[in-house]
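The values are calculated or read from the model by the stated rules, or taken from the named source; none is laboratory data. Here the structure is a predicted model, which is why all the values come from computation and not from measurement. Note that we place each Cβ from the backbone using ideal geometry, even for glycine, and neighbour counts take in every protein chain shown. Each accessible area value is taken on the protein alone, full model and side chains, heavy atoms only, with ligands, DNA and RNA left out. Shrake-Rupley method; radii C 1.70, N 1.55, O 1.52, S 1.80 Å.
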2 protein chains.
Amino acid sequence: MNHDLQVLFGRRLAELRKQKGWSQEQLALESGIARSYLGGVERGQRNIALLNICKLAKTLGVPVGELFTYINKSLPPM
Amino acid sequence: MNHDLQVLFGRRLAELRKQKGWSQEQLALESGIARSYLGGVERGQRNIALLNICKLAKTLGVPVGELFTYINKSLPPM
């Protein structure tokens, strides 16, 4: 399940980025996060941490929860 | 600003935990995350990563975004 969560996060990140018409390079430039790392996050290969999650939400101008839209749909309540 | 985000996340986590009437031990037991680590997160000393964030949200039975309520209020849009 873990890998799926990273993939779902990455898919939503890429979606939000493209909605702004940004390339990964642009998002890297705007956020200050390395382009290569962002590529890994979008491919679902990174267990991204709180501070970078917040940095991305702020850069994209969305509430942090917006990055978890697909994850919320996949997480069955306990 | 980084430390503040960790403190805001930790404050919200503790609030949601207490709303369930759980001790840190109970949340640790239910989530499978070490009690000592949870204590650090609640004190704002940990840069918690995606998978543990999702594990906590699922355990608490809330959408992931609920954990970011205070952070969202503090993040001025770019």
Of the residues A:31, A:23, which is among the polar types (S, T, N, Q) and either more than 19 Å from residue B:5 (Cβ to Cβ) or within 8 Å of chain B (Cβ to nearest Cβ) (or both)?
A:23
Taking the criterion of being more than 10 Å from chain A (Cβ to nearest Cβ), over 21 Å from residue A:65 (Cβ atoms) and not in a loop (DSSP other than H, G, I, E, B), would at least one residue in region B:40-55 satisfy it?
yes
Among the residues of region A:71-78, is any of a type in the set (A, V, I, L, M, F, W, C), surrounded by fewer than 18 Cβ atoms within 10 Å (Cβ to Cβ) and more than 9 Å from chain B (Cβ to nearest Cβ)?
no
Exception for residue A:43 within (1) surrounded by 15 or more Cβ atoms within 10 Å (Cβ to Cβ); (2) at pLDDT 95 or above falls at (1)
What pairs come out if I take residues in region A:1-18 that are modelled with pLDDT of 95 or more and pair them with residues that are open to solvent by 20 Å² or more (accessible area, probe 1.4 Å) and not in a helix (DSSP H, G or I) whose C-beta lies under 7 Å away, six or more apart or interchain?
A:6/A:45; A:6/A:46; A:6/A:47; A:10/A:43; A:16/A:62
Residue by residue through region A:1-39, note down the ones that are open to solvent by 60 Å² or more (accessible area, probe 1.4 Å) and part of a loop (DSSP other than H, G, I, E, B).
A:1, A:20, A:21, A:32
Need the failing condition index for residue B:59 against (1) touching a helix residue (DSSP H, G or I) at 6+ places or on another chain (Cβ under 6 Å); (2) within 9 Å of chain A (Cβ to nearest Cβ); (3) among the polar types (S, T, N, Q); (4) surrounded by fewer than 20 Cβ atoms within 10 Å (Cβ to Cβ), just the number.
(4)
Taking region B:46-56 and keeping only residues that are free of Cβ contacts under 8 Å to residues at least 12 places away in the same chain and open to solvent by 10 Å² or more (accessible area, probe 1.4 Å), one is left with B:49, B:51
